[in-house]
Amino acid sequence: MFYSLEHEGTRIDYLLVKVNGRVESYFDACAKCYPEKLGYRVEDKHLVCVACGERYSMHNLKGAGSCYPLPLEGKTEGDTYVIEKADIINGQRYF
């Protein structure tokens with residue numbers, strides 16, 4: 001699921017995915033391709049970088065080399081997944 005936070009006129013996009021039964025969060029930005037500001041799309045249980053086409057299985061989003069989804073710190077508290085607003089804002093440079 002994709003989400004956004006507006007901060008100082010910049011929309012910071014991020015996503016939550018369930019990987020092997022656990023929720024993980026990532027910025028909607030590729031470590032290598034973020035200057036293109038195109039983000040990812042979901043296709044056949046894969047996260048696909050719109051800029052370069054690199055595909056990541058939704059079961060393992062840890063990338064190799066310089067192209068990979070940028071992690072966003074978050075944690076599960078009971079039935080809720082929590083991301084601190086400051087952690088989202090720290091990713092503003094990618095947008």
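The values are calculated or read from the model by the stated rules, or taken from the named source; none is laboratory data. All values derive from a computational prediction rather than experimental measurement. As a convention, Cβ positions derive from the backbone with ideal geometry for all residues, glycine included, and neighbour counts pool all protein chains shown. When the accessible area is computed, the model is the full protein with side chains, heavy atoms only, and any ligands, DNA or RNA have been set aside. Shrake-Rupley method; radii C 1.70, N 1.55, O 1.52, S 1.80 Å.
Do any residues in region 21-37 that are among the β-branched types (Val, Ile, Thr) have Cβ atoms under 6 Å from those of residues that are open to solvent by less than 60 Å² (accessible area, probe 1.4 Å) and part of a strand (DSSP E or B), where the two are at least six apart or on different chains, and which pairs are they?
Partner pairs satisfying both residue conditions: Val23/Leu16; Val23/Tyr81.
In contact with a strand residue (DSSP E or B) (Cβ under 9 Å, 6 or more places away or on another chain), hydroxyl-bearing (Ser, Thr, Tyr) and open to solvent by less than 60 Å² (accessible area, probe 1.4 Å): is that true of Tyr94 in this structure? It would help to see each step written out before you state the result.
On the way: in contact with a strand residue (DSSP E or B) (Cβ under 9 Å, 6 or more places away or on another chain): yes; hydroxyl-bearing (Ser, Thr, Tyr): yes; open to solvent by less than 60 Å² (accessible area, probe 1.4 Å): yes.
Yes: the conditions hold for Tyr94.
Please work out which one of (1) surrounded by fewer than 13 Cβ atoms within 10 Å (Cβ to Cβ); (2) of a type outside the set (Ser, Thr, Tyr); (3) within 14 Å of Asp13 (Cα to Cα) is the condition Lys45 fails and give its number.
(3)
Output the residue which, of all residues in region 1-29 that are open to solvent by less than 20 Å² (accessible area, probe 1.4 Å) and among the aromatic types (Phe, Trp, Tyr), is farthest from Gly74 (Cα to Cα).
The qualifying residue farthest from Gly74 (Cα to Cα) is Phe27.
Please indicate, with yes or no, whether at least one residue in region 34-42 is open to solvent by less than 70 Å² (accessible area, probe 1.4 Å) and either at pLDDT 90 or above or assigned to a helix (DSSP H, G or I) (or both).
Step one: list which residues in region 34-42 are open to solvent by less than 70 Å² (accessible area, probe 1.4 Å), which gives 39-40.
Adding the requirement that they be either at pLDDT 90 or above or assigned to a helix (DSSP H, G or I) (or both) leaves 39-40.
Yes, region 34-42 has at least one match.
Within region 64-75, take every residue that is open to solvent by 50 Å² or more (accessible area, probe 1.4 Å) and at pLDDT 95 or above and give me the one that is nearest to Glu54 (Cα to Cα).
Glu73
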